[in-house]
Amino acid sequence: MKKGFTVILLTFFLLYRITFPTNVVHAEEVEISAPSGILMEMSTGTVLFEKDADTARPPASVTKIMTMLLIFDALENGTISLDDEVSTSEYAASMGGSQVFLEPGEMQTVGTLLKCISVASANACVTMSECICGNEQEFVKQMNERAKGLGMKHTNFVNCNGLDADGHEMSARDIALMSQELMTRYPQIKDYCTVWMENITHTTARGSSEFGLTNTNKLIRQYEYATGLKTGSTGKAKFCVSATASKNGVDLIAVIMGAEDSKSRFKDAVTLLNYGFGKCQIYKAKEQKLPAVLVKGGKEEHLKIQYEEGFTYVDTEGSDLSKVEEVTEIPDEIKAPVKKGKKVGRICYRINGKEIGSVNLIASTPVEKADFGDYLKKIWKKLL
């Protein structure tokens with residue numbers, strides 16, 4: 001009797017699972033065919049999935065993310081502008097790989113060359129490296145320095161375009177880190193990497209001609225949430241992509257390295273992105289009006305305070321983020337002197353009593369220690 005009842009229960013359970021499959025996806029259920037990959041939440045750098053993410057491999061044209069990062073750095077510091085015209089050297093024109101067929105002596109604006117690099121993965125990289133640093137070698141040196149500053153521990157750049165070369169390698173995690181920096185620091189890159197098709201004009205001694213750019217990142221057309229970023233493929237690297245996407249306020253980076261073919265890299269990237277969107281929700285704290293803090297023994301009696309930074313939390317547990325509690329911890333008073341930027345208190349964020357993070361509250365302005373003259377002024381002010 002008991003055995004028969006157990007069989008009935010198991011049968012009912014199996015029928016239920018078939019009819020109403022669970023929507024909960026666990027990391028161990030996610031599989032990619034490529035040997036290396038990673039999924040990162042963009043705003044916080046939270047890693048949601050990784051597979052052999054620290055093995056250094058040839059990155060192909062995904063390298064150009066760092067090239068574009070340095071171009072935007074140069075634009076930001078005023079070294080170059082988008083309207084500057086740049087001449088292509090014979091060395092730059094001789095580069096292999098993806099081409100827009102720049103000729104020696106041909107002039108193009110920085111904006112056009114950036115578009116060629118981003119959209120068509122074209123080897124306008126050397127032209128821009130010579131424009132910014134005088135030669136490719138110095139530019140590559142700066143690429144490696146920038147990588148070190150971002151904590152990219154498994155990266156060594158030998159060139160700026162990603163063509164196969166001994167020792168030119170990166171890890172999936174490092175690609176995610178530089179992708180995060182480019183997309184968050186310079187969001188205007190989306191104006192370039194989301195272009196599907198566009199023409200540029202070649203103007204040489206032989207006259208003018210049109211050349212059509214087509215985006216190498218097919219996800220721009222095939223995946224509705226895609227926002228970028230860069231593809232790459234060579235004989236050694238096979239097929240790679242750093243795919244960025246945004247949905248419901250969640251921004252993700254999926255990096256795939258060493259896929260067997262183009263279709264596989266995009267399939268793997270979409271698998272990771274869909275997994276991330278199903279798993280992630282973001283809590284971004286709103287900054288509240290903060291009270292002034294009483295200062296003991298200061299030239300001023302009150303100190304204005306501010307948030308040191310914003311607070312963002314990535315939830316992967318399905319928590320009810322409407323129940324996040326913000327607990328402000330500020331002392332009743334603080335002794336002078338107080339330097340600008342000094343930590344005064346903090347705001348703690350909790351869910352169901354569990355702390356999920358905090359933000360420091362700091363002094364907005366300095367407050368000097370009061371001297372005898374200051375005390376006399378205060379007494380005189382009160383008497384009046």
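For segment 301-312, a residue qualifies if it is part of a strand (DSSP E or B) and touching a residue at least 60 places away in the same chain (Cβ under 8 Å), and the qualifying residues are Leu303, Thr312.
Could we say that Arg346 is touching a Ser or Thr at 6+ places or on another chain (Cβ under 8 Å) and under 30 Å from Ala243 (Cα atoms) here? Here the answer is no, as Arg346 does not meet what is asked. Consider segment 299-317 and keep the residues that are under 22 Å from Thr46 (Cα atoms) and open to solvent by 70 Å² or more (accessible area, probe 1.4 Å). The one that is modelled with the lowest pLDDT is Glu317. Taking the numbered list (1) small (Gly, Ala, Ser); (2) touching a residue at least 24 places away in the same chain (Cβ under 8 Å); (3) more than 24 Å from Tyr186 (Cα to Cα) in turn, Ser94 passes all entries but (2). If you filter segment 173-203 down to residues that are more than 30 Å from Asn156 (Cα to Cα) and either assigned to a helix (DSSP H, G or I) or open to solvent by less than 40 Å² (accessible area, probe 1.4 Å) (or both), you find that the one that is modelled with the lowest pLDDT is His202.
Among the residues of segment 245-278, those that are over 28 Å from Ala56 (Cβ atoms) and in contact (Cβ under 8 Å) with a residue 60 or more places away in the chain comprise Val250, Gly278. From the set of residues in segment 274-298 that are β-branched (Val, Ile, Thr) and open to solvent by less than 30 Å² (accessible area, probe 1.4 Å), which is farthest from the chain's Cα centre (by Cα)? Among residues in segment 274-298 that are β-branched (Val, Ile, Thr) and open to solvent by less than 30 Å² (accessible area, probe 1.4 Å), the one farthest from the chain's Cα centre (by Cα) is Val295. For the structure I just gave you, tell me whether Thr271 is under 20 Å from Gln180 (Cα atoms), open to solvent by less than 60 Å² (accessible area, probe 1.4 Å) and not in a strand (DSSP E or B). In short, yes.
Scanning segment 237-260 for residues that are more than 22 Å from Met170 (Cα to Cα) and not in a strand (DSSP E or B) gives Asn248, Gly249. Confirm whether Glu355 is assigned to a strand (DSSP E or B), at negative phi, touching a residue at least 24 places away in the same chain (Cβ under 8 Å) and open to solvent by 60 Å² or more (accessible area, probe 1.4 Å). It is false that Glu355 is assigned to a strand (DSSP E or B), at negative phi, touching a residue at least 24 places away in the same chain (Cβ under 8 Å) and open to solvent by 60 Å² or more (accessible area, probe 1.4 Å).
The values are calculated or read from the model by the stated rules, or taken from the named source; none is laboratory data. Nothing here was measured: the structure is a model prediction, and the numbers come from that model. Note: ideal-geometry Cβ built from the backbone for every residue, glycine included; neighbour counts use all protein chains shown. Note: accessible area is taken over every heavy atom of the protein model, side chains too, but ligands, DNA and RNA are not part of it. Shrake-Rupley method; radii C 1.70, N 1.55, O 1.52, S 1.80 Å.
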